[in-house]
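Visitor: Here it is: the structure, laid out below.
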Amino acid sequence: MILSYISLFFLIFDLAIPGLGRLGSAVLSGVISGYWIIVHHRKINLDSSSININVLTVSKDLIFVYALFFIVVCLRIFFDSDAEISFFFSSAKSTLILVATLLYVKAFLQKDTGLHILNIFTFNALICFVAGSFPSFLNYIYIFKLGDPEPGFIPYRNAFLAGSGYYGIGAPYAIVFLFSVIYIISSNRYAWTNYIRMMLIAVAGVLAARTVFVGIIFGALYALYKKPKVLLIGTLLIGIGFFVLLSFGQTSQFSDWIFEIFITDSASVTGSKSTDDLVSMYFIPNLSTIFFGDGKYIAGDNYYMNTDGGYMRHLLFGGIPITILALAIPLVISKISKSRIFGFFIVPLMYVLHVKGGFIYNSPSGMPLIILIAFWMRYFMPTDLRKKN
C-alpha cells in the first residue's frame, strides 16, 4: 500500500522536511503509523501476508538498552558543567526514531516489507544518478537536506533524497546490499529484477561512500556460503554496472577516488590515504576519559578531537559505560531477529561500519533499517534459516 511506502521512506531516509529541520522525517513516519494503528486497529495484520506482533514484548530488551543509553547521556551532561549538549539532542532523536520504527512494525510489517526496503533504496539510487548528473535537479534534492551543495566535490555522494549523505547514507547502503543478497537467497527469488536492484544499490552506495565495499564483501561471503551462483551473477552485474558508470565523462573522473583503497600508495603507511586517515582517528586517551569520557561530542565545526570513528566518539563522550551500551545494541537486535544469518553477518558488519563513523545508535537511517530487517527475519524468514524458538 502507498501509505506504508511513504511511512517507510520517511522513516529510513530522515529527510530534513522544511519546518522540522534536524528533527527529521521519522516523526512524520511515526504520525502516519500511529494514525494507521488507531484507525485500523481491528484490521491490522489480519491478511495472510502479515502477523499480529506484540511489539513491546519482542523489543523490550532493545527499549531498555535505548532508555538506559539516554539516561546515561543525560546524567553525563547533568553532572558536568563543561559537558557539551549536542549528544543529548542526538540521543533524543535516536529515541524518537526507535519509537517511530516500532510504530511502523506494528502498523505495516508484512511479508513484502523486505521487498519494500529494497525498492526504496533502489528508487533512491536512481535519484542519486539523476540528481548527481544534473545540478538543477540536485538543487531540489537539497531542499530536504541541511546545508548547501559543496562546490568542487563529487555531487553523487550527497545526491540521495535523504537527510544524510556521504558515509551517513553509504553505511545503510552497505547493510541493504547484504540484505539484498540474503533476501534473494532466502526467498528463492532469482529473477533478473532482483539482481538489477542489487547492482544499482551497490553502485549508488559506493558513490556515496567507499565503505560500501565492506558490505559488498560481506554479501559476497554470504552468497559464497549459501549460493555461489548468486555470487557469480552478482559479481558480473556489479562489474558491468561500474564499467557503465565509469564510461561516462560525467563519472569517469571519479574512478581514482572510488578505487583508491585498492591502489597501493607507496607514500602511505597502510597502503592508502583513506586508511591512513582512519587509523589516525584512533588513539588511547587518558584513563579518566576511558572510564568516564569527556562529555564532549562536537567541537566547533568538527567532531571532538577531530575523530570520525564511531567507537572513539562514544568513548570520548561517555567512556566505558556508553561504549558498552553501544556494543550491546547489535546483540540485542540480533536477539529480536532469531536469525543465525543476522548474528553471523549483519551484526559483524554493524561493528565494522562503526569503526569508520557513528553507525550504531546514532545513524538515523541505519538503525531503523537494521531493526526492520530484524523483525522481518524473525517473522518472515524461512524457518530453516532461523534459530529454533
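The values are calculated or read from the model by the stated rules, or taken from the named source; none is laboratory data. On a predicted model such as this, the values are computed, not experimentally measured, just so you know. Methodologically, a virtual Cβ is constructed for each residue, glycine included, from the backbone with ideal geometry; neighbour enumeration extends over all protein chains shown. We work out accessible area using only protein heavy atoms, side chains counted, and drop any ligands, DNA or RNA first. Shrake-Rupley method; radii C 1.70, N 1.55, O 1.52, S 1.80 Å.
Visitor: Tell me the residue from SER252, SER186 that is modelled with pLDDT under 90 and open to solvent by less than 10 Å² (accessible area, probe 1.4 Å), please.
Guide: Just a single option satisfies the conditions, and that option is SER186.
Visitor: Search segment 352-363 for residues that are more than 15 Å from PHE317 (Cα to Cα) and outside any loop (DSSP other than H, G, I, E, B) and pair each with any residue that is open to solvent by 10 Å² or more (accessible area, probe 1.4 Å) and at pLDDT 95 or above when their beta-carbon atoms are under 6 Å apart and the residues are at least 6 apart or on different chains.
Guide: Pairs that qualify, where the first residue is more than 15 Å from PHE317 (Cα to Cα) and outside any loop (DSSP other than H, G, I, E, B) and the partner is open to solvent by 10 Å² or more (accessible area, probe 1.4 Å) and at pLDDT 95 or above, are VAL352/VAL214.
Visitor: I would also like to ask the following. GLY295 passes all but one of (1) in a loop (DSSP other than H, G, I, E, B); (2) open to solvent by 10 Å² or more (accessible area, probe 1.4 Å); (3) over 17 Å from ALA174 (Cβ atoms); which number fails?
Guide: For GLY295, the exception is condition (2).
Visitor: Okay, next question. In segment 270-292, how many residues are part of a loop (DSSP other than H, G, I, E, B), surrounded by 16 or more Cβ atoms within 10 Å (Cβ to Cβ) and among the polar types (S, T, N, Q)?
Guide: Going through segment 270-292 one residue at a time, the tally reaches 1.
Visitor: Consider only pairs whose beta carbons are under 9 Å apart and that are at least six residues apart or on different chains; among these, list those whose first residue lies in segment 213-237 and is of a type in the set (Lys, Arg) and in a helix (DSSP H, G or I) and whose second residue is open to solvent by 50 Å² or more (accessible area, probe 1.4 Å) and at pLDDT below 90.
Guide: The qualifying pairs are LYS229/TYR190.
Visitor: Does segment 331-346 include one or more residues that are part of a loop (DSSP other than H, G, I, E, B), at positive phi, open to solvent by less than 60 Å² (accessible area, probe 1.4 Å) and out of contact with any helix residue (DSSP H, G or I) (no Cβ under 7 Å at 6 or more places or on another chain)?
Guide: The answer is no; no qualifying residue exists.
Visitor: Let me ask you something else. What are the residues in segment 6-22 that are open to solvent by less than 50 Å² (accessible area, probe 1.4 Å) and either of a type outside the set (Val, Ile, Thr) or in a helix (DSSP H, G or I) (or both), if any?
Guide: SER7, LEU8, PHE9, PHE10, LEU11, ILE12, PHE13, ASP14, LEU15, ALA16, GLY21
Visitor: Can you find a residue in segment 104-123 that is open to solvent by 40 Å² or more (accessible area, probe 1.4 Å) and aliphatic (A, V, I, L, M)?
Guide: Within segment 104-123, not a single residue is open to solvent by 40 Å² or more (accessible area, probe 1.4 Å) and aliphatic (A, V, I, L, M).
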